[in-house]
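The values are calculated or read from the model by the stated rules, or taken from the named source; none is laboratory data. Computed from a predicted structure; not experimentally measured. Ideal geometry is used to build each Cβ from the backbone, glycine not excepted, and the neighbour counts take in all protein chains shown.
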């Protein structure tokens, strides 16, 4: 038997979808304008910048960014063409590759980060009270735990 959403649940669901989409599209548009890259590329550079020696196996990078391996491979080719990353063969697995953030990629990320962080602050945190920020964090952590188990 289908458990249909009641009126309040339907309003909550639609508000969540609309807010998530609007925030993502706004941040993506700003990164494209200000840094010449989509949010997906920014996220790849961030993950590499936080990794030991700024290196990650492509499979780990795909998982950490929530991307398919084929989508990540396409993005990596563009990032490599821009000189922001390079790919190396994995020494322990001939089928694997390692993505490495280059100095140029790190500099590009460092230049893009202040504007992006300001956008996140302006479009998300400034619109919420401290209590709402805490609620959003707890709700998000609950959803992540539920969806990734």
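Observations
- With respect to the conditions (1) buried (at least 16 other Cβ atoms within 10 Å of the Cβ); (2) modelled with pLDDT of 95 or more; (3) closer than 19 Å to residue 31 by Cα, residue 78 lacks only one, and its number is (1).
- Note on segment 49-64: residues that are surrounded by 13 or more Cβ atoms within 10 Å (Cβ to Cβ) and part of a helix (DSSP H, G or I) total 9.
- Of all residues in segment 65-73, at least one satisfies being modelled with pLDDT under 95, in a helix (DSSP H, G or I) and either within 29 Å of residue 135 (Cα to Cα) or over 16 Å from the mean Cα position of the chain (by Cα) (or both).
- Among the candidates 59, 68, residue that is without any contact (Cβ under 8 Å) to a residue 24 or more places away in the chain, farther than 19 Å from residue 113 by Cα and touching a helix residue (DSSP H, G or I) at 6+ places or on another chain (Cβ under 7 Å): 68
- All positions within segment 1-40 that are in contact (Cβ under 8 Å) with a residue 40 or more places away in the chain and either in a helix (DSSP H, G or I) or surrounded by fewer than 15 Cβ atoms within 10 Å (Cβ to Cβ) (or both): 23, 26, 27, 30, 31, 34, 35
- Boolean, residue 112 is in contact (Cβ under 8 Å) with a residue 60 or more places away in the chain, surrounded by 15 or more Cβ atoms within 10 Å (Cβ to Cβ) and in contact with a helix residue (DSSP H, G or I) (Cβ under 6 Å, 6 or more places away or on another chain): yes
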